[in-house]
Amino acid sequence: MVKLLEYQGKELLSRYGITVPKSIIIKNETSIPEFKTTSFLKAQVPVGHRGERGGVVKVNNKAEVEKAIQNISKLKFDGYTADSFLLEEEVPHDLEFYVSISLDRSTRLPVLLISKKGGVDIEKIEDSEIYRYSINPLMGISDYFSRLISRQLSLPDILTISLLQLLNSLFNIYKKEDAELVEINPLVLNSMKNGLIALDSKVVIEDDAMFRHKEITDYTSRWLDPLELEAKQKGISFVRLGGKIGVIANGAGLTMATLDILKNNNADAGDFLDLGGTDDPEKITQAFELINKTNPSALFVNIFGGVTKCDVVADGLIKAISEFKPKFNIVVRLKGFREKEATEILKSNGINSFSDMEEAVKKVIELAGVK
Amino acid sequence: MVIILGKESKIIVQGITGHQGMFHARAMRDFGSKVVAGVTPGKGGEKIDNIPVYNDVDAAVKATGADVSVVFVPAPYAKDAVIEAIDAGIKLVVIVTEHIPFHDVVELVLYSKIKGARIIGPNCPGIASPGLSKAGIMPNMIFKPGNIGVLSRSGTLTYEVVNYISDFGFGESTVIGLGGDQVIGTTFIEALSLFEKDPDTKAIVMVGEIGGSAEEDAAEFIKKSVSKPVIAYIAGRSAPPGKRMGHAGAIISRGKGTAESKIKALEAAGVKVADLPINIPKLIKKQLI
């Protein structure tokens, strides 16, 4: 998932016709402007609760901005640090709404969530205060939506039209930009202008759809664990975990099951690495290189040969071992397509392999010296 | 399962001239499937192992009477390929392709319902009934004809489980890999209701994983509408929250979609949940006696 920073999200909102406060983005000290209106300086990091953590500061002039930037730059937000800031005019307002569109996996349809209790986490809003509306993407937002919502939320009639425009814009962003989530929290009512204004934005674009959004820059993945980032760039499904036993398996389900079996034996995996259905020995070398960098106590390779051929994995493994000369022990479990050939290849290179998963797991735990 | 795939089903392969398409067209034929044609735009007139290739699905269907398609077309073009298949009258579309944007799949699912077609997948290994036919990429050697129905969100783990079931002395009526994405064409509930009606299936094995609430929804359905014994395994008990575990759909988000929640819901519905895949056959045995 590609998480957009607040200002990127607001650029999208604005482009689709949703009103956002007047603002400028500050990426370095030279770009700080002179100004007089009371404003907020907001750290551009993809996490919630920035305000509570000192990431949003009220400022009145350039000097205060400079000082605030110095202070915020020292802060860590769930591991993220801010290197860009949004300087945004304060917007006086009465009502704060929560509104979002995301995917409801159960109905397999987009769902619109809206609440009058905005400004706090959606998780903290009582279910009875959240209204949910399924959207059929072949039909889009119907006019009656805003009438219905206005009635259910007891909104003044004058808002019905702007609400309808807002919902249409929000849905257009969701669909055309391939979003997983478009959230405005809070969306506020500025009674002077009788308009709805988005004070914050949270937009997440689907990874798999990025091929049709070359114009979107992913600023947040650089904060990923460096190895996870490397894996992402190589197209390997890899998650860093806390344990000492390295894991390479094929297929997401089998890889998860492998971690579970280790856990069942009171051992923790150091990673999740799904080789996928591959017949490319190079992929195995790349996977091995990643694991090598995690410095595990032992490596467990768990392969069920179906589409993947066991002997291809064995060949790749031998090549990788000679290339990286790892210091850790390796236990291989192979089953299925070309299992015999693979076992022979490993044996002639001095590596014992197992067919039984439980036996292999016990062996790797023993060699890792975890317990 | 004759209801959706039988010995007489005529299969086309969309993307047959690619490496995967070619390999699996052969493997399906070796399994006993009737692979009648392939489709690759611009490659019409060629032959892959005597399987005629057409430029479009309509021509392939008109020439062969095909009713099933297995789609290997790359993700950016997959939506178009599936619409083409459905428009040509294909009734079962198995989408093997991985990484199709979920927005595309949401629309495909709605469209398939309008046109009365069924989608299995995407990002799935397909469907196989030993002795009858296979549409997809599951390895042939793991199967044994029998009366256990298997449905699963994963690929390799399904093979592992089917292999355990066959090795133990049971066999399978039908195995369906539903796919690992957030949005899939055939859900657990839809597949469970097919197995409930299938006279060849005596017990059902369900392989789930973290993410979403498909297993919880299935548990509700089982409680009300499934009379056959159900045995389950849920992968991902040790997965951390907020991380995608390989499959696009395998993510615990905002505290929802944990293995614990799924196991609890299934057990409350009377489903026997195995702690390890290898223990599934023992639970089947207990349930069938």
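The values are calculated or read from the model by the stated rules, or taken from the named source; none is laboratory data. Worth saying up front: this structure is predicted, and the values here are computed from it rather than measured. Here Cβ is always computed from backbone atoms with ideal geometry, including for glycine, and neighbour counts include all displayed protein chains. Side chains included, ligands, DNA and RNA excluded: accessible areas come from the protein's heavy atoms. Shrake-Rupley method; radii C 1.70, N 1.55, O 1.52, S 1.80 Å.
Tabulated data
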item: Helix A:339-348 vs. chain A, principal-axis angle (Cα, 0 to 90°, nearest 10); result: 70 degrees
item: Principal-axis tilt of helix B:102-115 within chain B, Cα atoms, nearest 10 degrees; result: 80 degrees
item: Cα pair count fraction exceeding 49 Å, expressed as % - the protein assembly as shown; result: 18 percent
item: q = 0.08, 0.15, 0.17 Å⁻¹: log10 I(q)/I(0) that the Debye formula gives for region B:138-288, counting C-alpha atoms only; result: -0.19, -0.69, -0.90
item: Value of D in µm² per second that Stokes-Einstein yields for chain A, Kirkwood Rh from Cα pairs, at 10 °C (1.306 mPa s); result: 66 µm²/s
item: Ranked order, A:Thr294, B:Thr186, A:Thr19 - accessible area, probe 1.4 Å, largest first; result: A:Thr19, A:Thr294, B:Thr186
item: Shape parameters for region A:96-212, alpha-carbon atoms, Rg then Dmax in Å; result: 13.8, 42
item: Angstrom value of the Kirkwood radius, inverse mean 1/r, which spans all Cα pairs in region A:157-213; result: 12.5 Å
item: Nearest-10 value in Å² for the accessible area of A:Ser128, using the 1.4 Å probe; result: 90 Å²
item: Considering only region B:10-120, percent of DSSP beta bridges that pair antiparallel, nearest 5; result: 10 percent
item: Separation in nanometres of the label points that stand 7 Å from Cα toward Cβ, at A:Asn61 and A:Phe324; result: 5.8 nm
item: Loop-resident sites, region A:1-55, for trypsin sites (Lys or Arg not before Pro), counting at most 14 other Cβ within 10 Å (DSSP); result: A:Lys22, A:Lys27, A:Lys36
item: Lysines whose Cα lies under 27 Å from that of A:Lys67, excluding same-chain neighbours fewer than 8 positions away; result: A:Lys10, A:Lys22, A:Lys27, A:Lys36, A:Lys42, A:Lys58, A:Lys76, A:Lys202
item: Accessible area of region B:10-120 divided out per residue, in Å², using a probe of 1.4 angstrom; result: 39 Å²
item: Exposed-site-free run, longest, chain A (rule: GluC sites (Glu not before Pro); DSSP loop; at most 12 other C-beta within 10 Å); result: A:216-371
item: Cα-derived Rg over Rh, computed across region A:223-371 with Rh taken as Kirkwood radius; result: 0.92
item: Cα gyration tensor of region A:258-316 - equivalent ellipsoid semi-axes, whole Å, descending; result: 21, 15, 8
item: Percent carbon-and-sulfur accessible area, chain A, ignoring ligands, DNA and RNA, probe 1.4 Å; result: 48 percent
item: Projected area, mean over directions - region A:22-89, Cα convex hull, nm²; result: 4.1 nm²
item: Binned Cα-Cα distance frequencies in region A:220-273 - 5 Å width, integer %; result: 5, 20, 28, 23, 14, 8, 2, 0
item: Radius of gyration, Dmax [region B:10-120; alpha carbons; angstrom]; result: 12.8, 37
item: Value of [θ]222 nm, deg cm²/dmol, for chain B, DSSP H segments ≥ 4, -39500 (n - 2.57) each, nearest 500; result: -11000 deg cm²/dmol
item: Antiparallel bridges, percent of DSSP beta bridges restricted to the protein assembly as shown (to nearest 5); result: 50 percent
item: Residue mean of other protein chain beta carbons inside 10 Å, A:298-310; result: 4
item: In degrees, nearest ten, helix A:6-15 long axis to first principal axis of chain A (Cα); result: 60 degrees
item: Rg/Rg_ref, chain B, where Rg_ref = 2.2 N^0.38 Å and atoms are Cα; result: 0.97
item: Extension gain, A:Glu282 back to A:Glu11 (0.36 nm per residue minus Cα-Cα distance, nm); result: 93.5 nm
item: Other protein chain Cβ atoms within 10 Å, averaged over every residue that makes up B:123-129; result: 1
item: Ranked order, B:Lys243, B:Lys197, A:Lys214 - accessible area, probe 1.4 Å, largest first; result: A:Lys214, B:Lys197, B:Lys243
item: Surface/4 estimate of mean projected area, convex hull on alpha-carbon atoms of region B:83-171, nm²; result: 6.2 nm²
item: Reciprocal mean inverse distance between Cα atoms of region A:35-166 - Kirkwood radius, Å; result: 17.5 Å
